[in-house]
Amino acid sequence: MYQDILPLSLEGDWHREPAKHITNNLSGWLFEPGSLTQKLKLNSASFRVKILAKHQRELSEGELTLFGCQQQAVQVREVLLYCNEEPWVYAQTLMPLANVPKSVVKLTTLGEKPLGEVIFNEPGMTRSLIEVAEFDLQSPVAMLAAEVDKPPSHSLWARRSCFTVDGYSLLVAEVYLPCAVAYR
């Protein structure tokens, strides 16, 4: 079962430029500047969040560089975003446990509420540039896709960015699973 591979590692070759071999449709989904939650809702008849896991761990070397901080513990929230009762997106949010302002404590207790519905309504929220990565068929996220959906027949694409509210940054990564409309 998929619990054996959680927490999921999303270590990869993250970059800010779109790959030359992706379709315009996929590029539009990867570099969507607005709320992914809103875009998913607009492109499906139904939408829901399923929590896979919520736990704590230390940041990896790459994540430390991205956050620009010393070793730090984070809360990790792993979810699936279902559209039309199919898992279209695996999403992972890393929220540092130190110095959490009162204004963003609600982000650590979302339950099945989509992060996008909350974070895009926060006054003064800023977002870093979006980075993308391609994960091959042997990657942990491809194994997860095989467990929750179907084995992928192609590599899976992901995006990530940091959101900052009241000086507090969190990292959100989203991987488009095989049945996602982004690949159609």
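The values are calculated or read from the model by the stated rules, or taken from the named source; none is laboratory data. Since we're looking at a predicted model, the values are computed, not measured. Cβ atoms come from the backbone with ideal geometry, glycine included; neighbour counts cover every protein chain shown.
Observations, loosely collected:
- Any hit, the stretch 54-71, residues being part of a strand (DSSP E or B), surrounded by 17 or more Cβ atoms within 10 Å (Cβ to Cβ) and over 16 Å from the mean Cα position of the chain (by Cα): no
- SER9 vs. criteria at pLDDT below 90 and closer than 17 Å to VAL89 by Cα: yes
- For the stretch 103-140, a residue qualifies if it is crowded, with 16+ Cβ neighbours inside 10 Å and among the hydroxyl-bearing types (Ser, Thr, Tyr), and exactly one does: SER139.
Results for (1) without any contact (Cβ under 8 Å) to a residue 60 or more places away in the chain; (2) outside any strand (DSSP E or B), shown as yes or no for each residue.
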site	(1), (2)
ALA98	yes, yes
LEU129	no, yes
VAL141	no, yes
HIS154	yes, yes
VAL175	no, no
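- Here PRO123 does not fit the description of being closer than 18 Å to LEU8 by Cα, assigned to a loop (DSSP other than H, G, I, E, B), out of contact with any Ser or Thr (no Cβ under 8 Å at 6 or more places or on another chain) and at pLDDT below 95.
- Residue within the stretch 24-35 that is within 22 Å of ALA142 (Cα to Cα), touching a residue at least 60 places away in the same chain (Cβ under 8 Å), not in a helix (DSSP H, G or I) and not acidic (Asp, Glu) present: yes
- Residues in the stretch 159-178 include at least one that is in contact with a Pro (Cβ under 7 Å, 6 or more places away or on another chain) and closer than 26 Å to HIS21 by Cβ.
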